[in-house]
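Below is one structure, written out as structure tokens; the observations come after it.
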Amino acid sequence: MTEKIKIKLNVAGRVYPLTVNSDREEVLQRAARKVQEVIKSLEQNYAVSDKQDVLAMSLLQFATRLEDLKYDSRQYEESLEKLKSMSTTIETELL
């Protein structure tokens, strides 16, 4: 059984206390750091003064990446199924 721990994440200048499984702490810390990196990059590269705009732009970047990963995963699965089918056909023909 995984132990629950209390952590605090700093995102966009706010601290969020969370209770999480201990095995997820590192993942959440990395995710929070990545969010901070994206926010900092957007603030440096665009004339954005409103924190809500920066957060919305960050969210859009992450959502786009997620959709890209889903698409890539579907493409991989389709390719794998085609290869399995081809392998089955070849095995059938050889026997």
Within 17 Å of Leu59 (Cα to Cα) and under 18 Å from the mean Cα position of the chain (by Cα): which single residue out of Arg33, Arg24 fits that description? Arg33
The stretch 15-39, subset of a type in the set (A, V, I, L, M, F, W, C) and in contact with a helix residue (DSSP H, G or I) (Cβ under 9 Å, 6 or more places away or on another chain), residue nearest to Met1 (Cα to Cα): Val20
Exactly one condition in (1) out of contact with any strand residue (DSSP E or B) (no Cβ under 7 Å at 6 or more places or on another chain); (2) of a type outside the set (D, E, K, R); (3) within 30 Å of Glu3 (Cα to Cα) is not met by Leu42; state its number. (3)
Being within 27 Å of Asp50 (Cβ to Cβ) and out of contact with any strand residue (DSSP E or B) (no Cβ under 8 Å at 6 or more places or on another chain) is the filter here, so list the residues in the stretch 11-31 that pass it. Val11, Ala12, Gly13, Arg14, Arg30, Ala31
Which one is modelled with the highest pLDDT among residues in the stretch 1-55 that are surrounded by fewer than 12 Cβ atoms within 10 Å (Cβ to Cβ) and of a type in the set (Gly, Ala, Ser)? Ser22
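The values are calculated or read from the model by the stated rules, or taken from the named source; none is laboratory data. It should be emphasised that the depicted structure is a prediction, and the values quoted were computed from it without experimental measurement. When we count neighbours, we look across all protein chains shown, and the Cβ atoms used for this are built from the backbone with ideal geometry, even at glycine.
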